[in-house]
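Colleague: I'd like to ask you about the structure that follows.
The values are calculated or read from the model by the stated rules, or taken from the named source; none is laboratory data. What you see is a predicted model; the values in this text were computed from it and never measured. Note that each Cβ is placed from the backbone with ideal geometry, even for glycine, and that neighbours are counted across all protein chains shown. Protein only, heavy atoms only, side chains kept; ligands, DNA and RNA dropped before computing areas. Shrake-Rupley method; radii C 1.70, N 1.55, O 1.52, S 1.80 Å.
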Amino acid sequence: MITVNNVGLRYGDRKLFEDVNIKFTPGNCYGLIGANGAGKSTFLKILSGEIEPQNGNVALTPGERLAVLKQNHFEYEDEEVIKVVIMGHSRLYEIMQEKDAIYMKADFSDEDGMRAAELEGEFAELNGWEAESEAAILLKGLGIGEEIHTKKMADLDGAEKVKVLLAQALFGKPDVLLLDEPTNHLDIKAIQWLEEFLINFENTVIVVSHDRHFLNKVCTHIADLDFGKIQIYVGNYDFWYESSQLATRMSQDANRKKEEKIKELQAFIARFSANASKSKQATSRKKLLDKISLDDIKPSSRKYPYVNFSIEREIGNDLLRVEGLTKTIEGEKVLDNLSFVMNKDDKIALVGKNELAKTTLFKILMGEMEPDSGSFKWGITTSQAYFPKDNSEYFEGSDLSLVDWLRQFSPKDDSESFLRGFLGRMLFSGDEVLKKASVLSGGEKVRCMLSKMMLSGSNVLLLDEPTNHLDLESITALNNGLINYKGSIIFSSHDHQFVGTIANRILEITPSGLVDKQMTYDEYLENQEIQQQVAKMYS
């Protein structure tokens, strides 16, 4: 267990935390959430001891071990992969190093023998004889094959290094596990494996993630960092989000009778209890949900942008026809004879391991790149709005204020009042609309690009990884906006819930061709799993 007592931290005049008093208990997974800049990663560093709070203290139960997902991907460049994983249990690794040094001595003394015996006893207590096999199992689960286990970290690519550092944090069954964005750079199989690992993990987990599906899958509680405090809520991210929205509606309607509010709360809890995660934690979570009272749920200070894509012209049946698109970039054939027809009401998710292939297809469809062969044709009733993965060309070197930047893309109303109102709905208020477009943060640039698309009134949207750089609030708002959009969409994203709630058709670009499935993302993943199981049976 890890206990936080009266913790406070300020940076200059800015208060991050004040009088934080909470306990993180075994058997639970806590999703730490908060607006960008609220101090989530800083709080994890306080818990790990990397940063000292100005007030209060953090106490770990004596004898317990805490593990942290390292963020420096170049820390172990000269070390073997398997050893890096075992380093996650520092005491065990120290014993292994000391043992090896003693046994390597040419003049092995009686004292050395006694010390070696002590170390062997502690080594066995710490399950040292199983260390390499446990490390190998973790690596395999995350998609790191045995042929890589003895390589140096310097020989691995970025995604592989992330997986090794994650295996290091998970190694040796730590009593408290701190994970800051553990799904970054992981493929879908590795994420699914990690979800199952954490669902069955019996100790304490505290995780920061922008992946709502991941938080919904693994979290028993949400630790909400808001108003400089941290409030613990039972349930996963969706439960927290819906309960905070419910609390906001209730607080705005102060005249409604308490009995009516209680009935609404009970109906809300019943719905979420019925849909509890199918994990070991589901039964206990349901019991906790049933105990929630009206005073337990509170409005959030979070602000959500208003994302609403309207269409100016009704779309016809003839949208897009792609025939035989082929493209080679720097010697790599990224698109190979790609053909498909986009239909009315299609919301297509582009999936596949090759990121360049997806981005190349977007660029070709928007006329930014020529194919080597093949063709495509947009229907005459279509109008397209595009969100590129790299938006830097729209902002670099721009001396325009945010209002003037957006004015370029407002075909009907370019008045100051309209543009300020529009930007306000996208969370740019007051003097923020006057700052230069070139100095915006990554998340602010994304909100500006979405504003540009909303102003276009297009009936077909093309979005290449639009959730990159966005906080949970903006992702949720964009997600809801695209669910409600009346036009057609073709998009790519690594956000499971984003893809799962929007797409009704999946196009997977593979080295052997295009896989085209008229189904949801979860149905597609389930179908893939069944095919793999069948293939194993006959292999």
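Colleague: Open to solvent by less than 40 Å² (accessible area, probe 1.4 Å) and modelled with pLDDT of 95 or more, is that true of residue 30?
Modeller: Yes, satisfied.
Colleague: Name every residue in the stretch 369-390 that is of a type outside the set (Ser, Thr, Tyr), open to solvent by 20 Å² or more (accessible area, probe 1.4 Å) and either farther than 25 Å from residue 318 by Cα or touching a residue at least 40 places away in the same chain (Cβ under 8 Å) (or both), in order of residue number.
Modeller: Answer for the stretch 369-390, where residues must be of a type outside the set (Ser, Thr, Tyr), open to solvent by 20 Å² or more (accessible area, probe 1.4 Å) and either farther than 25 Å from residue 318 by Cα or touching a residue at least 40 places away in the same chain (Cβ under 8 Å) (or both): 369, 371, 372, 374, 376, 377, 378, 380, 384, 389, 390.
Colleague: Please find, within the stretch 92-145, the residue that is nearest to residue 163 (Cα to Cα) out of those that are open to solvent by less than 90 Å² (accessible area, probe 1.4 Å) and of a type in the set (Lys, Arg).
Modeller: Among those residues, the one meeting the criterion is 99.
Colleague: Return a yes/no flag: does the stretch 57-65 have any residue that is free of Cβ contacts under 8 Å to residues at least 60 places away in the same chain and either surrounded by 14 or more Cβ atoms within 10 Å (Cβ to Cβ) or within 23 Å of residue 199 (Cβ to Cβ) (or both).
Modeller: Yes, the conditions are met somewhere in the stretch 57-65.
Colleague: Same structure again: State the number of residues belonging to the stretch 389-411 that are in contact with an Asp or Glu (Cβ under 6 Å, 6 or more places away or on another chain) and at pLDDT below 90.
Modeller: 0
Colleague: In the stretch 301-358, what residues are touching a residue at least 24 places away in the same chain (Cβ under 8 Å), closer than 23 Å to residue 523 by Cβ and loosely packed, with under 13 Cβ neighbours inside 10 Å?
Modeller: 353
Colleague: What pairs come out if I take residues in the stretch 148-174 that are farther than 17 Å from residue 186 by Cβ and pair them with residues that are among the charged types (D, E, K, R) whose C-beta lies under 6 Å away, six or more apart or interchain?
Modeller: Note: pairs meeting the criteria are 150/80; 153/77; 153/79; 154/77; 174/65.
To keep it simple, each residue is scored yes or no on (1) outside any strand (DSSP E or B); (2) under 16 Å from residue 466 (Cβ atoms); (3) basic (Lys, Arg).
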{"site": "313", "(1), (2), (3)": "yes, no, yes"}
{"site": "328", "(1), (2), (3)": "no, no, no"}
{"site": "341", "(1), (2), (3)": "no, no, no"}
{"site": "349", "(1), (2), (3)": "no, yes, no"}
{"site": "359", "(1), (2), (3)": "yes, yes, no"}
{"site": "374", "(1), (2), (3)": "no, no, no"}
{"site": "396", "(1), (2), (3)": "yes, no, no"}
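Colleague: Now for a different question. Within the stretch 454-492, can you find the residues that are within 21 Å of residue 379 (Cα to Cα) and touching a His at 6+ places or on another chain (Cβ under 9 Å)?
Modeller: None; the set is empty.
Colleague: Right, here's the next one. Kindly establish whether residue 152 is open to solvent by 10 Å² or more (accessible area, probe 1.4 Å), out of contact with any Gly (no Cβ under 8 Å at 6 or more places or on another chain) and either under 28 Å from residue 244 (Cα atoms) or at pLDDT below 90 (or both).
Modeller: no
Colleague: I need a count of the residues in the stretch 203-255 that are out of contact with any helix residue (DSSP H, G or I) (no Cβ under 8 Å at 6 or more places or on another chain), open to solvent by 10 Å² or more (accessible area, probe 1.4 Å), under 26 Å from residue 494 (Cβ atoms) and not in a helix (DSSP H, G or I).
Modeller: So the answer is 1.
Colleague: Just a yes or no: is a residue in the stretch 415-431 within 23 Å of the chain's Cα centre (by Cα) and crowded, with 19+ Cβ neighbours inside 10 Å?
Modeller: yes
Colleague: Turning to a different aspect of this structure: Among the residues of the stretch 155-194, count how many are surrounded by fewer than 21 Cβ atoms within 10 Å (Cβ to Cβ) and among the polar types (S, T, N, Q).
Modeller: Count: 2.
Colleague: So how many residues does the stretch 359-368 have that are open to solvent by 10 Å² or more (accessible area, probe 1.4 Å) and under 19 Å from residue 510 (Cα atoms)?
Modeller: So the answer is 2.
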